[in-house]
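Contents: one structure, followed by commentary.
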Amino acid sequence: MAHADILAANGLTEAQVTGGTLAVHTPIDGAEIARLKTHTAEDVRAMIAKGVQAFAAWRTVPAPRRGELVRLFGDELRAEKENLGRLVTLECGKILQEGLGEVQEMIDICDFAVGLSRQLYGLTLASERPGHAMRESWHPMGVCGVITAFNFPVAPWAWNAALALICGDPVIWKPSEKTPLCALATQKIFEKALAKFGDAPDGLLQVVVGERDVGEALVESHDVPIISATGSTRMGRAVGPKVAERFGRAILELGGNNAMIVAPSADMEMALRAIVFSAVGTTGQRCTSLRRLIVHEEIYDHLMPRLKAAYETLPIGDPLADGILVGPLIDGLAFDGMERALEQAQAEGGAIDGGGRVLANQFPDAHYVRPAIVEMPSQTDIVRQETFAPILYGMKYRELSDAIAIHNDVPQGLSSCIFSTDVRESETFLSAVGSDCGIANVNIGPSGAEIGGAFGGEKETGGGRESGSDAWKGYMRRQTNTVNYSRDLPLAQGIKFEI
Ligand code: UN1
């Protein structure tokens, strides 16, 4: 399918994708596929005002009815899964299976949110005073700004938006300037759901196209009580303090530096498959990509050659083509970052296998690379950084406590795992003295989390939680209610105050 046909299949018209200043390139061959008109900070302020108006109406709609809109949206997504999945691949370069998987995550979170729309529950609490009742109520918050990254152009938006919408919050979406087309296509799908729903207020979902300045207008606005941002730790350092300064609520999902501990008792075949999928999937450009392999010294010399052999046969190429497992990096900057990291790793004593550009003749304007395995003498500086590329650092350990210490000795804290069939080891890894990450798995790689769990991590990952479990509470305000149904006015804390 030609690039233009993929855009057309997603309902993106010629008029919509031409005539602007923001050039969008596909990482598949580097071709320009759109030139979008961008919004100004002034436009964003007008959109926020519209969102505030939408909020005034939407918060009064019963939550199960709000869930009906999300149910319709899920239906439309099912119908458009193939088209949108292909656009995800075109715009960010992940293989089609992963593009489709991302749309599936959108569908799944819609289902989850529909059920949740009848379960926005609070607690009832025991009052210390006679004739009093205490409870918690959860109320809509207001406009929710969602900032997303190029590597997952649609799913993280959906984890936020599906919950925000059932919680009563309109959404303003600022997609990565590298992947705005996926956002515009998603907005069209959402509009179909809105048309079927009938009486939703205008401005429930608005998409902001542009670069940093428009993102800032969103982040700085007092009328946007929630900012949920996915991206680099650098971006989070810019966004977090700005939101804190105005006492807004930030939900941050930032960098990861995810590791796997492979213990002597591990099922080696399973571990190998998990390593390859999580280290080279999405060309190493997931927040949850496997970046560090901490292998017991008894099995290290057995595992590493087998892993290198598996890397040798990886099919690299056009992510839309059947059978390809590794697509391109997003752009030349990402490629330069990978090269620099490999140089530094070598200078720090690393032995590199793989790496380097491939298919340069076929795709002179794109950046395909061979995924790299780098055996490190220890966890040096470069290993402690997140490089958004398929580089896997291998290290040895002897005692599990040392492996856990190495594991936790990085600034990031998103996802982690252990491969072990020894329950003492795996439970230790999940315990208070184990992994310090938001996600810790046993006999599963660190990437590819299901939507049903809370997603996010600690330390420089930002501390936010999105998607499943009780992440919905991040989109509502908690109110503690005390009701006196007696004829007296007893004070709490035993205070006597007679007048
Ligand atoms: C991300 O890279 O921003 O667990 C999110 C996973 C996906 C989410 C990745 N469900 O890999």
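Filter the stretch 439-454 for residues that are touching a Cys at 6+ places or on another chain (Cβ under 9 Å) and hydrophobic (A, V, I, L, M, F, W, C); which is nearest to the ligand (Cβ to nearest atom)?
In this case the residue turns out to be I439.
Restricting attention to the stretch 252-268, report how many residues are away from the ligand (no atom under 16 Å from the Cβ) and under 18 Å from I373 (Cβ atoms).
Residues flagged as away from the ligand (no atom under 16 Å from the Cβ) and under 18 Å from I373 (Cβ atoms) within the stretch 252-268 amount to 4.
Quick one: in the stretch 99-120, of everything that is of a type in the set (D, E, K, R) and over 15 Å from the mean Cα position of the chain (by Cα), which residue is farthest from the ligand (Cβ to nearest atom)? Let's see the steps before the verdict.
Going residue by residue through the stretch 99-120, those that are of a type in the set (D, E, K, R) are 102, 105, 108, 111, 118.
Adding the requirement that they be over 15 Å from the mean Cα position of the chain (by Cα) leaves 111, 118.
Values: D111: 15, R118: 25 Å.
Top of the filtered list is R118.
Within the stretch 228-251, take every residue that is within 15 Å of the ligand (Cβ to nearest atom) and among the small types (G, A, S) and give me the one that is surrounded by the fewest Cβ atoms within 10 Å (Cβ to Cβ).
Among those that are within 15 Å of the ligand (Cβ to nearest atom) and among the small types (G, A, S), it is S232.
Test of understanding: among L90, L12, which residue is part of a helix (DSSP H, G or I) and either modelled with pLDDT of 95 or more or surrounded by 17 or more Cβ atoms within 10 Å (Cβ to Cβ) (or both)?
After applying the criteria, what remains is L90.
Do any strands (runs of 3 or more DSSP E) lying entirely in the stretch 218-322 carry at least 1 residues that are over 30 Å from K473 (Cβ atoms), and which ones are they?
Ranges flagged: 258-262, 290-296.
Could you tell me whether the stretch 204-213 includes any residue that is at pLDDT 95 or above, under 27 Å from K459 (Cα atoms) and surrounded by fewer than 21 Cβ atoms within 10 Å (Cβ to Cβ)?
No.
Could you check the stretch 129-155 and list, in sequence order, the residues that are touching an Asp or Glu at 6+ places or on another chain (Cβ under 9 Å) and among the polar types (S, T, N, Q)?
Scanning the stretch 129-155 gives no hits.
Please indicate, with yes or no, whether at least one residue in the stretch 31-41 is outside any strand (DSSP E or B), at pLDDT 95 or above and closer than 30 Å to Q362 by Cα.
Yes: one or more hits.
Is it the case that some residue within the stretch 283-290 is within 16 Å of the ligand (Cβ to nearest atom), β-branched (V, I, T) and without any contact (Cβ under 8 Å) to a residue 60 or more places away in the chain?
no
In this structure, does A279 turn out to be modelled with pLDDT of 95 or more, surrounded by 20 or more Cβ atoms within 10 Å (Cβ to Cβ) and either of a type outside the set (D, E) or touching a helix residue (DSSP H, G or I) at 6+ places or on another chain (Cβ under 8 Å) (or both)?
Yes.
Specify the residue that is nearest to I261 (Cα to Cα); the eligible residues are those in the stretch 450-491 that are touching an Asp or Glu at 6+ places or on another chain (Cβ under 9 Å) and aliphatic (A, V, I, L, M).
So, considering only residues that are touching an Asp or Glu at 6+ places or on another chain (Cβ under 9 Å) and aliphatic (A, V, I, L, M), the one nearest to I261 (Cα to Cα) is A454.
Residue-by-condition table, conditions (1) surrounded by fewer than 24 Cβ atoms within 10 Å (Cβ to Cβ); (2) more than 16 Å from the ligand (Cβ to nearest atom); (3) of a type outside the set (S, T, Y); (4) not in a helix (DSSP H, G or I):
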residue: G122; (1), (2), (3), (4): yes, yes, yes, yes
residue: P130; (1), (2), (3), (4): yes, yes, yes, yes
residue: E136; (1), (2), (3), (4): yes, yes, yes, yes
residue: W157; (1), (2), (3), (4): no, no, yes, no
residue: L163; (1), (2), (3), (4): no, no, yes, no
residue: S176; (1), (2), (3), (4): yes, no, no, yes
residue: C182; (1), (2), (3), (4): no, no, yes, no
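To keep it simple, each residue is scored yes or no on (1) over 18 Å from E312 (Cα atoms); (2) more than 25 Å from the chain's Cα centre (by Cα).
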| position | (1), (2) |
| --- | --- |
| N258 | yes, no |
| S265 | yes, yes |
| E269 | no, yes |
| V280 | no, no |
| R286 | yes, no |
| E297 | yes, yes |
| H302 | no, yes |
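The values are calculated or read from the model by the stated rules, or taken from the named source; none is laboratory data. Keep in mind the model is a prediction, meaning the values are calculated, not measured. Cβ atoms come from the backbone with ideal geometry, glycine included; neighbour counts cover every protein chain shown.
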